[in-house]
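In what follows, a structure is listed as structure tokens, so that the remarks can point back to it.
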Amino acid sequence: MIDLAPYTDGPRERLLAALIEARGGHVAHAALAERVGVEPLRLARLLAGLGEEGVSFETMPGRGYRLVASLPPLDPARVERAAAGTRRFGRALCLAAVTSTNDVAVALGEAGESDGAVVVAETQTRGRGRAGRAWISPPGVGLWCSILLRPRVAADAVHLLTPAAALAASRAARDVADLSLLVKWPNDLVARPAPGAASGEWLKVGGILSEGRTTGGRLDFAVIGMGLNVGPLPETAPSGVATRATSLTALAGRPVAREDLLAALLRALGPLLATVETDGLAPLLPELRVLSPLIGRRVSVATGGRVVTGVARDLDAAGALVVAADAGGLERVVAGDAHIQEDA
């Protein structure tokens with residue numbers, strides 16, 4: 001077993017864990033400061049910082065602080081059953097507050113943990129997306145999870161795990177919430193904007209981050225990190241997030257249980273991973289094409305310090321977006337940020 005302290009024992013992680021473990025009850029200021037191991041003034045600064053990151057809590061004189069979350073805390077037993085009920089996945093860690101679930105999954109991989117371990121957290125303090133971007137992960141809002149794999153793919157094919165995971169998440173949303181989420185290349189789950197929206201951009205529901213570790217040029221293990229907005233986004237969420245994102249609960253018009261979503265996600269993911277390991281991405285392309293909001297649209301794609309504009313024509317078996325460029329010819333874009341240039 002790895003030492004989780006580097007990922008769970010910082011002041012912000014201890015503070016969040018104390019509020020989460022109170023399960024909606026208040027925690028007195030002095031007790032909270034003692035639990036976190038900081039002076040009261042430092043505690044106030046930590047709380048203010050968390051508020052700026054979208055963590056919602058209330059203060060009641062004489063009673064202390066209470067976490068305000070749109071969803072009940074994760075049930076560790078149900079998380080474990082979600083993983084145990086599949087062929088490929090087994091061991092599951094359900095944690096309160098961590099730096100990043102990917103951090104923990106990578107540490108498990110380096111410690112020799114076997115294929116299929118699942119790490120789920122109520123909140124992340126340093127969640128990350130593609131290209132090192134921060135991923136806001138407040139408690140009681142999303143399914144923040146990472147999966148350790150030792151897949152039978154080449155080291156340069158780890159990125160093919162991302163569309164497989166995105167497709168699994170789309171299928172899970174359909175099974176659990178009867179929602180049609182689209183897979184926006186290269187790693188986003190999106191939903192159609194509200195009627196009359198000024199922009200053709202789709203609202204973000206989730207994102208995938210796959211990373212691998214190699215030894216001697218061979219893939220040792222890979223980690224798929226997923227962040228899915230499940231409950232309503234808090235009013236305290238940074239404005240840039242609130243205007244570009246939505247959640248499964250908001251789209252479905254009813255509560256969605258994160259444990260049920262995780263179970264459906266893992267059930268869908270196992271066979272998709274097996275397909276990629278055996279036959280590559282090609283068998284998944286028909287469904288990914290149908291679910292792409294980009295194909296047939298004018299797009300601009302920032303890649304490698306330049307911008308490719310044109311009409312997105314296809315996705316290929318190497319995971320690239322094929323663009324009929326304004327400059328002429330077809331361009332294969334392996335990685336980048338794509339934006340729709342026309343209204344939906």
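No lab work stands behind these numbers, since they all come straight from the coordinates. The structure presented is a predicted model; accordingly, all values stated were derived computationally and were not measured. Neighbour counts are summed over all protein chains in view; Cβ atoms, including those assigned to glycine, are modelled from backbone coordinates with ideal geometry.
Rounded to the nearest 20, the Cβ-based charge dipole of the chain about its Cα centre (Lys and Arg +1, Asp and Glu -1) stands at 220 debye. Under a Gaussian network description of the chain, with springs only between Cα atoms under 10 Å, the residue in 18, 169, 28 that fluctuates furthest is 28. By the count of neighbouring beta-carbon atoms within 10 Å, fewest first, 185, 202 end up ordered 202, 185.
The distance between label points at residue 39 and residue 84 comes to 4.8 nm (points 7 Å beyond Cα on the Cα→Cβ vector).
Candidate membrane-span-like segments in the chain, meaning DSSP H helices with Cα atoms spread over at least 27 Å of their own axis and a Kyte-Doolittle mean of -0.5 or above, are 258-279, with no membrane implied.
Answer rounded, prolate or oblate for segment 68-155, using the Cα gyration tensor with square roots of eigenvalues a ≥ b ≥ c: rounded when a/c is under 1.5, else prolate when a/b is larger than b/c, else oblate.
oblate
In whole Å, how far is the Cα centre of segment 306-324 from that of segment 137-176? Each part reduced to its Cα centre gives a spacing of 22 Å. Kirkwood radius, segment 133-255, all distinct C-alpha pairs, inverse of mean reciprocal distance: 15.4 Å. You can think of it this way: the chain between residue 341 and residue 156 has 63.5 nm of extra reach, that is 0.36 nm per residue less the Cα-Cα gap.
Rg and Dmax over the alpha-carbon atoms of segment 76-289 stand at 16.3, 53 Å.
The alpha carbon gyration tensor of segment 294-340 gives principal lengths a ≥ b ≥ c with a/c below 1.5, which makes the shape rounded. Taking 221, 89, 57 as the candidate residues, the one with maximal mean-square fluctuation in a Gaussian network model of the chain, Cα springs under 10 Å, is 57.
The GNM of the chain, with springs linking C-alpha atoms under 10 angstrom apart, assigns the highest mean-square fluctuation among 54, 207, 217 to 217.
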